Amino acid sequence: MTNLTETGIGYTDGDVDTNIHNSGPTLGSLIEQRYSRRDTLQRGGAAIVAATMGSSVLAACDSNFDDNGTGPTVSAGTNGATTSGKPVTLTGTGSASAYAWTQVAGPTVTLTGADTLTASFIAPSVSAATTLSFQLAAANSSGPSSISKVDIVVSPAVLGFTAIAKNKLDVVSVPAGYTVTVINRTGDPILPGVAAYKNDGTDTNFAGRIGDHGDALYWYGLNAAGARDATSSTRGLIVQNHENINQQYLHVAGATAGVRPESEAIKEIECHGVSVTEVSEGAGRAWAVNATSAFNRRLTPSTPMVFNGPVKGSDFLKTAFSTDGTTARGTINNCANGTTPWGTALTCEENWAGYFRRATTDVAGRTAKELTALTRYGVTGNGNYGWSTVVPADASNTLFRRWDARVTGATATDDFRNEPNLFGWVVEIDPYDKTKAPRKRTALGRMGHEGCWPGAFVVGKKPAWYMGDDAVNEYLYKFVSNTAWVAADADATDRLSIGDKYLDAGTLYVAVFNADGTGAWKALTFGSNGIDASYAPYAFANQVDVLVNPRLAADAAGATPMDRPEWTAVNPVTGDVYLTLTNNANRVVSTDTPTASQRRTDAANPRVYVDPPKPDRGNRNGHIIRLKETGGTTDATAFTWDIYLFGSGSDLDATNINVSGLTADQDFSSPDGLYFSRASNAAGQVKPLLWFQTDDSAFTDVTNCMMLAAMPGTVGDGGARTITNSSAAAVTSTQATRVGAAPTAATLKRFLVGPLECEITGVDSTPDGRTLFVGIQHPGENGTPAAPSSHWPDSQATGTAGATIRPRSAVVVITKNDGGLVGL
């Protein structure tokens with residue numbers, strides 16, 4: 001703060017409008033003496049103006065001030081109050097030729113317009129009410145200067161919006177005060193020379209367009225020169241998964257049945273995978289895609305990739321295409337994601353098994369172990385979209401034959417019986433370098449990977465990534481690297497080699513949730529936890545066998561089957577790990593005798609009920625569970641847990657279904673996407689915002705899918721609870737569980753509702769938190785080419801569009817009109 005006693009001027013009443021006249025040094029002498037900013041602040045208002053405003057003012061004002069007792073009038077305005085993340089405008093008044101705002105107390109902020117009467121800043125993150133003090137100095141070309149002070153009290157962040165009501169509109173609805181912009185629509189060209197998208201089923205070359213079913217996404221910053229800059233919030237790359245397709249809209253009159261035409265199959269295949277696009281903020285905070293950026297690219301199921309880690313080169317990966325088991329073609333059904341501090345993207349292969357053609361009679365030439373593994377992973381059926389039926393124009397082209405996993409040749413290198421083993425991995429991509437082939441990281445195991453989110457990176461500690469296996473009654477996993485974190489690796493330029501260092505060797509664990517609120521991580525290592533050749537259902541041969549078949553290894557280890565484990569997210573402040581459990585129609589009460597596909601309730605999956613009007617029994621609305629690692633370290637082997645939120649309609653049984661006491665502003669069903677705000681801004685500090693998204697069918701009679709914002713507490717902030725469930729035969733039974741503190745109107749609100757028949761999936765922000773990117777997937781998924789059941793995003797502006805306009809998946813860019821942080 002300015003030392004006013006040095007100037008000989010008293011200041012006792014604290015009135016922010018008090019003018020302080022000052023006979024400071026001449027501006028010429030300031031230049032001559034080269035005062036530091038700190039020295040200048042200590043010597044009065046005229047020097048503040050000179051030092052802050054720079055050489056242009058100094059040149060104009062190089063004269064002594066007259067100390068005649070009069071000077072310019074100035075007022076810094078009235079004291080104010082705000083909360084973290086909100087924009088603040090300091091509005092001064094005065095009569096002078098030069099002004100300068102400086103901060104003299106409180107957490108440092110960046111002032112915009114500091115050389116005008118009106119300056120602004122974003123309120124910083126604070127854990128308690130904190131005073132920020134600012135001083136406005138004014139001066140003329142001669143005469144004394146004046147200064148005035150104002151205080152702004154900043155309180156901790158709050159959810160600063162009015163909840164959105166549930167609705168069935170064909171638009172993306174957000175709170176008042178926000179703007180929605182649509183980018184990256186299915187079919188948008190992202191490579192030079194690709195034609196504009198007609199959206200009538202005639203379009204081709206999806207290897208140069210945005211794919212369909214946009215899913216998880218992440219922002220990777222660029223500086224003005226086009227180099228990696230993790231702090232950039234105005235220019236960057238969006239890496240987005242493309243999980244699946246709305247097949248009917250890709251063709252003029254829908255897909256051809258039976259033997260598939262090559263041209264149709266190519267289009268469908270290319271719509272899957274990953275896109276990398278450059279986006280930037282322009283004038284007026286308008287966001288746009290650079291469709292000709294050198295960074296833009298598509299990764300499809302045909303893109304060359306390589307295997308890394310323990311399974312590389314093993315017999316499991318050998319096919320007619322990759323006879324040495326080291327290379328692969330592409331990635332598919334990419335759902336959630338992960339990231340690394342060294343600037344690479346992790347994309348996760350989820351429901352890949354259904355793409356393969358394999359009849360139950362395909363047993364000849366198979367070992368008993370092979371058949372067990374194929375059944376456990378669900379590799380049985382005709383193959384999604386029938387790609388294996390294509391008869392290519394070039395008989396040597398195996399891009400379609402590869403989807404036929406039947407034994408047709410003498411050995412594994414004569415056919416594609418092992419092709420399913422080439423999928424189900426976490427794939428690392430360098431978004432900044434398209435010359436580097438993506439790497440399938442086999443140390444993280446093969447499963448229906450939903451996501452792969454990292455825990456905290458602490459120097460000297462082994463980092464971990466948390467992974468859900470997206471199917472009912474599957475498990476939660478984590479991978480702990482063998483290598484302790486070295487901070488300098490975050491800035492490496494050969495990013496995939498850093499991935500080799502941390503992701504190619506480590507321990508894969510699976511979670512066991514105990515009834516008392518404790519839990520354990522069981523290592524999936526050959527020779528431990530029952531994982532060896534003596535395991536009757538599947539005789540493991542070695543660690544490679546374990547990593548190719550971790551579901552079977554987790555069975556052997558006694559892992560807890562979960563209600564469809566999907567996204568993971570880690571609270572950047574507490575380290576608590578959150579997991580969405582979307583729903584489970586195969587959960588039964590403890591008195592039932594389960595079928596092979598069913599599981600009884602347990603403490604971590606405690607509900608069975610009917611949610612009218614649907615007759616299905618089970619946990620139809622899902623829940624969000626969370627855990628705290630013992631000792632707060634990512635390599636812990638024990639944890640505590642509770643259930644953060646139970647999905648439910650607000651009108652359902654408050655004792656046994658709406659256990660979290662959700663109101664009409666909070667109720668949701670089938671949580672899926674999950675994300676904590678970045679720790680680089682106020683939304684991710686102190687009490688970080690948790691964003692979660694829904695992928696629902698149980699609640700769609702009432703509302704479209706949605707995204708909510710929350711400010712959760714921590715594991716253990718609630719207590720024990722007993723739920724009464726009822727079987728199909730109306731036999732009741734009780735289930736004890738652990739629940740988190742109930743949400744309040746201040747800690748949980750609905751922020752967004754999507755268009756008709758969509759899923760909300762994928763969310764990230766710029767590092768400053770002022771721009772949010774959200775994925776809108778498969779609007780109108782139940783329509784036909786002749787009668788689309790949504791017209792979004794064409795309907796976004798007015799709520800309606802032409803009756804035959806086909807819907808498209810896309811990304812929405814959400815900004816706050818006042819320039820503040822989204823959500824706060």
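The values are calculated or read from the model by the stated rules, or taken from the named source; none is laboratory data. Owing to the predicted nature of the structure, the values given are computational and were not obtained by experimental measurement. Neighbour counts are summed over all protein chains in view; Cβ atoms, including those assigned to glycine, are modelled from backbone coordinates with ideal geometry. These area figures cover heavy atoms from the full protein model, side chains too; ligands, DNA and RNA do not enter into them. Shrake-Rupley method; radii C 1.70, N 1.55, O 1.52, S 1.80 Å.
Filtered by the rule that a residue be among the β-branched types (Val, Ile, Thr) and in contact with a Leu (Cβ under 7 Å, 6 or more places away or on another chain), the range 92-108 gives THR93, THR102. One residue stands out in the range 228-244 among those that are in contact (Cβ under 8 Å) with a residue 40 or more places away in the chain and outside any strand (DSSP E or B): the one that is farthest from TRP287 (Cα to Cα), namely ASN244.
Among the residues examined, ALA709 does not qualify as in a loop (DSSP other than H, G, I, E, B) and either open to solvent by less than 10 Å² (accessible area, probe 1.4 Å) or at pLDDT below 95 (or both). Just give me the residues in the range 398-443 being within 24 Å of the chain's Cα centre (by Cα) and in a helix (DSSP H, G or I), in sequence order. Answer for the range 398-443, where residues must be within 24 Å of the chain's Cα centre (by Cα) and in a helix (DSSP H, G or I): THR442, ALA443. Please determine, by comparing only the residues of the range 767-824 that are of a type in the set (S, T, N, Q) and touching a strand residue (DSSP E or B) at 6+ places or on another chain (Cβ under 9 Å), which one is nearest to LYS198 (Cα to Cα). Among residues in the range 767-824 that are of a type in the set (S, T, N, Q) and touching a strand residue (DSSP E or B) at 6+ places or on another chain (Cβ under 9 Å), the one nearest to LYS198 (Cα to Cα) is SER809. Inspection of the range 481-501 identifies no residue that is farther than 30 Å from VAL126 by Cα, over 20 Å from the mean Cα position of the chain (by Cα) and among the aromatic types (Phe, Trp, Tyr).
Are any residues in the range 203-226 out of contact with any strand residue (DSSP E or B) (no Cβ under 7 Å at 6 or more places or on another chain) and surrounded by 23 or more Cβ atoms within 10 Å (Cβ to Cβ), and if so, which ones? Across the range 203-226, the qualifying residue is only PHE206.
Among the residues making up the range 769-800, those that are part of a loop (DSSP other than H, G, I, E, B), touching a residue at least 40 places away in the same chain (Cβ under 8 Å), crowded, with 19+ Cβ neighbours inside 10 Å and not polar (S, T, N, Q) are GLY769, ARG770, HIS778, PRO779, GLY780, GLU781, GLY783, PRO788, HIS791, TRP792, PRO793. Within the range 801-824, track down each residue that is assigned to a loop (DSSP other than H, G, I, E, B) and either open to solvent by 30 Å² or more (accessible area, probe 1.4 Å) or of a type in the set (D, E, K, R) (or both). Hits for the range 801-824 are ALA801, GLY802, ALA803, THR804, ILE805, ARG806, ARG808, ASN817, ASP818.
Of all residues in the range 595-613, those satisfying the criterion of being surrounded by 14 or more Cβ atoms within 10 Å (Cβ to Cβ) and not in a strand (DSSP E or B) are GLN598, THR601, ALA603, ALA604, PRO606, ARG607, VAL608, ASP611.
Looking only at residues in the range 270-296 that are at positive phi and over 19 Å from the mean Cα position of the chain (by Cα), the one that is least open to solvent (accessible area, probe 1.4 Å) is ARG285. Check PHE316, PHE307 and return the single one that is in contact with a Ser or Thr (Cβ under 8 Å, 6 or more places away or on another chain), surrounded by 19 or more Cβ atoms within 10 Å (Cβ to Cβ) and over 26 Å from THR761 (Cβ atoms). After ruling out the rest, the residue left standing is PHE307. When the criteria are applied in full, LYS687 meets the requirement of being of a type in the set (Lys, Arg), modelled with pLDDT of 95 or more, assigned to a loop (DSSP other than H, G, I, E, B) and open to solvent by 10 Å² or more (accessible area, probe 1.4 Å).
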